[in-house]
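*Asks:* Pasting in a structure now, in structure tokens, and then I'll have a few things to ask.
The values are calculated or read from the model by the stated rules, or taken from the named source; none is laboratory data. Since the structure is predicted, the reported quantities are computational estimates derived from the model, not experimental observations. Cβ placement follows ideal geometry from the backbone for every residue including glycine, while neighbour counts extend to all protein chains displayed. The area values use the complete protein model at the heavy-atom level, side chains included, leaving out ligands, DNA and RNA. Shrake-Rupley method; radii C 1.70, N 1.55, O 1.52, S 1.80 Å.
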Amino acid sequence: MHTRRSFLRGVGVAGVVGLAGCLGGDEPSAEGSSNEPTATSDATGAPPPTAERSLYLAQDIGTLDGEVISGGVPKDGIPAIDEPTFQAAEEASLDDGEPVFGLVRGGDTRAYPQRILVHHEIVNDTVDGDPVAVTYCPLTGTAQGFERGPVEFGVSGNLVNSNLVMYDRGTDSRWPQILATAIDGPLAGETLREFRVVWTTWGKWRAAHPGTAVLTEDTGYTRRYGDDPYGQYNPPGGYYASDRTLFEPLSRDDRAHPKSVVVGTRTADGALAFDKESLLSAGVLTGAIQGRQYVAVADDALSTGYVYANPDGRTVEKRANGYSLDGEPVAADSLPLERALAFDAMWFAWAGFYPGTGYVN
């Protein structure tokens, strides 16, 4: 049976013997199919805030829960960061090409380096006075933000479709990160409140937000930060470049390389994915969910994309200094249309959760 360790050794990722940081110990526990946590629940009953409407699921909750497997570590074997510390941009020792997950919220601007989150996957933070969780799943290439209210989130040790299954420490409900919807526990069927986290590079984020604060390696844990057990992003290598996945996807779709990146959005009605490389090249792409039109625009400064509902089919065009909407100049991140929350994901993960998803290339 596969474990994270055996898979990474198979794809030739350097440093696989040093997986203690990412896998939670020198030797991960044997994998099994049980969905039960391997540690006693610390639930207190307080729930995280949830959205008014649940997001679209292509499979029913029972089916998804039945696909949950052990990732090879116990509950909290990958420890969330509960007391994050930050430093000024000029104090950070990061290369310009290193991936970071950027967040702007009220008066706070923060960067969370991938080199740190690959060892923890969840940061329970307070930003502009609001308790939030910034999350990252290295196996699916997804960085997402959630409101957490009076509770914290932890790493359950389980996966579904290779994606991180979080748990909240209030009700012990289980939340696949990409779905943002609980599939087990008292809150099953509820959807978390989300916010945008931007996947970009340190050089681009610092240039756009020179006053940003940066998560430090003072996490309370001893880890080999900067030594990614899965490979590297610049240039892509190891797991991130391989066409192999650690676990069998929920479904397969050959329209794109399994590890190619899409900018995906999902609503209560369906899901839609834009090929990120194509979006950055073209500037504007359009697609639809259940007949409702959406438009994606690229942000060259951050190498990211934004998705907007465009039910009236208004004209969005790329210009030398930005974009125009019906001929009026606009910025990529502030089109006067309804913004749809979107985030980067590996294609195999998106297509596994949303088989038959709209795909724009």
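*Asks:* Name the residue that is surrounded by the most Cβ atoms within 10 Å (Cβ to Cβ), counting only residues in region 78-95 that are part of a loop (DSSP other than H, G, I, E, B) and of a type in the set (S, T, N, Q). It would help to see each step written out before you state the result.
*Replies:* To start, the set of residues in region 78-95 that are part of a loop (DSSP other than H, G, I, E, B) comprises 78-80, 82-85, 92-95.
Okay, now just the ones that are also of a type in the set (S, T, N, Q), so 85, 93.
On the way: Thr85: 13, Ser93: 9.
Among those residues, the one meeting the criterion is Thr85.
*Asks:* Here are Leu279, Leu246: which of them is surrounded by 18 or more Cβ atoms within 10 Å (Cβ to Cβ), of a type outside the set (S, T, N, Q), over 18 Å from the mean Cα position of the chain (by Cα) and not in a strand (DSSP E or B)? It would help to see each step written out before you state the result.
*Replies:* Values: Leu246 fails: over 18 Å from the mean Cα position of the chain (by Cα).
Testing whether each residue is surrounded by 18 or more Cβ atoms within 10 Å (Cβ to Cβ), of a type outside the set (S, T, N, Q), over 18 Å from the mean Cα position of the chain (by Cα) and not in a strand (DSSP E or B) leaves just Leu279.
*Asks:* Could you check how many residues of region 101-137 are among the basic types (Lys, Arg) and within 18 Å of Asp218 (Cβ to Cβ)?
*Replies:* Matching residues across region 101-137 total 2.
*Asks:* What is the one condition in (1) surrounded by fewer than 14 Cβ atoms within 10 Å (Cβ to Cβ); (2) at pLDDT 95 or above that Asn321 does not satisfy?
*Replies:* Among (1) surrounded by fewer than 14 Cβ atoms within 10 Å (Cβ to Cβ); (2) at pLDDT 95 or above, Asn321 violates only (2).
*Asks:* Just give me the residues in region 296-317 being within 21 Å of the chain's Cα centre (by Cα) and not hydrophobic (A, V, I, L, M, F, W, C), in sequence order.
*Replies:* So in region 296-317, the residues within 21 Å of the chain's Cα centre (by Cα) come out as 296-308.
Hits for region 296-317 are Asp299, Asp300, Ser303, Thr304, Gly305, Tyr306, Tyr308.
*Asks:* Return yes or no: is Tyr167 in contact (Cβ under 8 Å) with a residue 60 or more places away in the chain and of a type outside the set (A, V, I, L, M, F, W, C)? Give the steps one after another, and end with the answer.
*Replies:* Values: in contact (Cβ under 8 Å) with a residue 60 or more places away in the chain: yes; of a type outside the set (A, V, I, L, M, F, W, C): yes.
In short, yes.
*Asks:* Looking only at residues in region 97-114 that are of a type in the set (Gly, Ala, Ser) and part of a strand (DSSP E or B), which one is nearest to Val263 (Cα to Cα)? Lay out the reasoning, then the answer.
*Replies:* Filtering region 97-114 for residues of a type in the set (Gly, Ala, Ser) gives 97, 102, 106-107, 111.
If we keep only those that are part of a strand (DSSP E or B) too, we end up with 102, 111.
Details: Gly102: 16, Ala111: 20 Å.
Among those residues, the one meeting the criterion is Gly102.
*Asks:* Let me ask something else about it. Quick check on region 324-346: of everything there that is hydrophobic (A, V, I, L, M, F, W, C), in a strand (DSSP E or B) and over 26 Å from Arg53 (Cα atoms), which residue is most open to solvent (accessible area, probe 1.4 Å)?
*Replies:* For region 324-346, the residue satisfying everything is Val330.
*Asks:* Of the numbered conditions (1) modelled with pLDDT of 95 or more; (2) open to solvent by 20 Å² or more (accessible area, probe 1.4 Å), Asn234 fails exactly one; give the number of that condition.
*Replies:* (1)
*Asks:* So how many residues does region 96-114 have that are surrounded by 20 or more Cβ atoms within 10 Å (Cβ to Cβ) and free of Cβ contacts under 8 Å to residues at least 24 places away in the same chain?
*Replies:* Of the residues in region 96-114, 0 are surrounded by 20 or more Cβ atoms within 10 Å (Cβ to Cβ) and free of Cβ contacts under 8 Å to residues at least 24 places away in the same chain.
*Asks:* Here is a further query. Touching an Asp or Glu at 6+ places or on another chain (Cβ under 8 Å) and either within 25 Å of Asp300 (Cβ to Cβ) or touching a residue at least 12 places away in the same chain (Cβ under 8 Å) (or both): does that describe Thr140? Working first, answer last.
*Replies:* On the way: touching an Asp or Glu at 6+ places or on another chain (Cβ under 8 Å): no; either within 25 Å of Asp300 (Cβ to Cβ) or touching a residue at least 12 places away in the same chain (Cβ under 8 Å) (or both): yes.
No; evaluated as a whole, the condition is false for this residue.
*Asks:* Ok, one more. Sort through Asp326, Asp312, Asp344, Asp269 and tell me the only one that's closer than 24 Å to Gly203 by Cα, of a type in the set (D, E, K, R), modelled with pLDDT of 95 or more and out of contact with any Pro (no Cβ under 7 Å at 6 or more places or on another chain). Break it down into steps so the answer makes sense when it comes.
*Replies:* Numbers: Asp326 fails: closer than 24 Å to Gly203 by Cα; Asp312 fails: closer than 24 Å to Gly203 by Cα; Asp269 fails: closer than 24 Å to Gly203 by Cα.
On inspection, the qualifying residue turns out to be Asp344.
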